[in-house]
Every structure is written in C-alpha cells, then in structure tokens.
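A short write-up of the structure that comes next.
Values in this text are rule-based calculations from the coordinates and carry no lab data. A quick note: this is a predicted structure, and the numbers were derived from the prediction, not measured. Glycine also receives a Cβ, built like all others from the backbone with ideal geometry; neighbour counts cover every protein chain displayed.
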Amino acid sequence: MNADDALVHRYLEHVRVEKRLASRTVALYALDLRKLQGFAASAGCALTALTHAHIRRFVASMHAGGRSPRGIALILSGWRGLYVWLGREGLVASNPVQDVRAPRSGKPLPKALGVDDAVQLAAWRAPAGEGTGQDAVLDARDAAMVELLYSSGLRVDELVGLDVQAGVQARGWIDLEGALAHVLGKGSKRRSVPVGSAALAALRAWLVVRPQCLKTGAPGSGSSALFVGRHGTRLTAQSVWQRLRRRSLAAGLATPVHPHMLRHSFASHVLQSSGDLRAVQELLGHASIGTTQVYTRLDFQHLARAYDAAHPRSKRKP
C-alpha cells in the first residue's frame, strides 16, 4: 500500500467510524477518491501535492468526458471532504478543492408537444357510446379546458380561476363575443389573450351542459366558476392535471401531458409561425423577455430537426 492508498484508507475509516456514514455513502466516496488518485497519478503528483490548478484541470477533463455537472459536483464534494480532513491532520497547508465549482447545468428546455400531437389532443373526443350522462358532460368540460390551454397559453391557476361572468370579485373570465380571455396572472397582473375559434366552440358546448354539474352540488357551490367538478365546486389545479393526463393517454399520445406542457406548446408554436418574441412575451404574461427567450431554443431545435430531415447534405456519410 503506497502513501496515497494509506491516506485514502484512513480517511474512509474516519467517515465510516467517526462520522458514521452509511456503507453505501462510504463506497461512493471510495470510488470518487479512486478517481482522484488516478488523476493525481497521471499528473505525477501525490494527493498532498495537488494544487487548485490540478483540480480545475481534472474537472475540465470530467466535463469533456461527458460527466454531468451534477455528477461532478458530487465528486467535488467527496474530494473537498478529504482535504478538509487532511488539513485537520496537518498534512496539507490548504484545500485545493476549495472554491472549485462544477460547470453550470444547462437550463432544461420546457417540454412542448409537436404541432400534430397538440392538435390530436385538442381534437380528441370520447368515442360515441362511451360518454353518457355525466361522463359526457365532463368530457365536454375537459375538451374546453384543453382547447383553452392550448389556444391561449394559460397557466393552470389562471384556468381554474376563471368565472362564467365578469365581476368585481372575478379573477378572470371569458369574453365569448370579443374572443378574449381576461386573466389574473403572476404578481396579480391582469392580461387579455385571444381565444381561438375551436376553443370558443368548445367553451360554448361546455356552457350548454355545465348546469348539469351545478344541480348535484350544494346551493351556490362553485356557481361562479367556469370550470366545475361533478359536484358543482370549482375545479382544482390538481384535478386538471389528473384529467389532462388521462385524456392525453386516451388520445393515444406517447407522453402524458400536463397543463404547463400545453402552455409551452402554445408559446413554441406561435413563435415558430410568427417569429415575434415580444408578442409571445405579452401573451404569456412574462415580466422579463429573458424568460420567454427559452422558446427560441425550442424553435431552433425544431428548425434543426427539419434541416436534418430535409437537407441532402445534413448528415455525415459513414
């Protein structure tokens, strides 16, 4: 056993016995420290001789090799602990891992449906004969919710906050004649967004049968809400998530859909067609254009896929 092996062995005994870490955690520490020993050997240095520059170089090597930022952060945490212990033992003058950070994780892209999938979900209706009685009523409600979410890019809280009519206490409402949805968004900011013809038709169909839900509820319960449940009370955001997930699977989509996915789809598809980022910002009710710019990345992905599929010179020959 060489000097570095002996130090690592002592440290692992320390975390196992004195810090009482779980055996699984100790095993992960051992793997990370073995990786550090490999890097140190390639640099021709003992563990106690590694510098800040060495650690940065090792991080760059791991990142270039495909290690995720989160994985690198966990490895650095294990290395940092080793050098804290070595410092307490008087074996190093400074911690070379101190202030070294993993590369930043790329901001994940919002999940958006393709145009065909979005239209397929919005157009789906329960097969004839399968929706009878109140099930048919709820199907009409769910169809109106999906159409409105995709047509206007509403947040789920904005959707369930809609009332049938405008009023002093109303958080939001639909102007069917003006084809506008008036909503109260984040930061108590009001905005008005257009409602498409398909969504207007679905809303009118829902309003015809909506009283059938109110009859089963307590007097006045949910009577002002546009979207109510089978007992006449205002629908909750959780219920919308559940109903939309069920509906997307019934419609044959490969991925379960949630309300915000329809908002992302709305923004992405409008941007693809118009290229007007400022308009999309206004429609979504974003305070900062930077929040909206993520959809340009989605748009670029769409263009890149179209290029790869269509351009005869887009793919490398084997």
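Taking Cα atoms, how many degrees apart are the long axis of helix 237-250 and the longest axis of the chain, rounded to 10 and kept between 0 and 90? Once rounded, one gets 90 degrees. Quick check on region 115-309: take the gyration tensor over C-alpha atoms, sort the square-rooted eigenvalues as a ≥ b ≥ c, and tell me if it's rounded (a/c under 1.5), prolate or oblate. Judged from the Cα gyration tensor, region 115-309 comes out oblate (a/c at least 1.5, b/c at or above a/b).
Multiplying the residue separation of THR255 and ARG190 by 0.36 nm and removing their Cα-Cα distance gives an extension gain of 20.2 nm. Ranked by the mean number of other Cβ atoms within 10 Å of their residues, highest first, the peptides 264-277, 139-152 fall in the order 139-152, 264-277.
On a 0 to 90° scale, report how tilted helix 259-274 is relative to the longest principal axis of the chain, with both axes built from alpha carbons and the result rounded to the nearest 10. For helix 259-274, the angle is close to 80 degrees.
Between VAL228 and LEU235, the built amide H atoms are under 5 Å apart, and every one of these is 5 or more places off in sequence or on another chain. Take every Cα pair under 8 Å whose residues are at least 6 apart in sequence, average their separation, divide by the length of the chain, and the relative contact order is 14 percent.
The shape of region 3-88 comes out oblate: with a ≥ b ≥ c from the C-alpha gyration tensor, a/c is at least 1.5 while a/b does not beat b/c.
Using just its DSSP H runs of length 4 or more, each adding -39500 (n - 2.57), the chain gives a mean residue ellipticity at 222 nm of -17000 deg cm²/dmol after division by all residues. Counted by neighbouring Cβ atoms within 10 Å, the residues LEU176, LEU200, LEU7, LEU74 run from fewest to most as LEU176, LEU74, LEU200, LEU7. Using the average count of surrounding beta-carbon atoms within 10 Å as a protection proxy, the listed peptides 157-167, 84-94 rank, highest first, as 157-167, 84-94.
Each of ASP276 and GLN98 was given a label point 7 Å from its Cα along the Cα-to-Cβ line. The distance between the two points is 5.6 nm. Here the chain is assigned +1 on the Cβ of each Lys and Arg and -1 on the Cβ of each Asp and Glu. Its dipole about the Cα centre then comes out at about 660 debye. Gain on full extension, evaluated as 0.36 nm per residue between ARG70 and LEU180 minus their Cα-Cα distance, stands at 35.2 nm.
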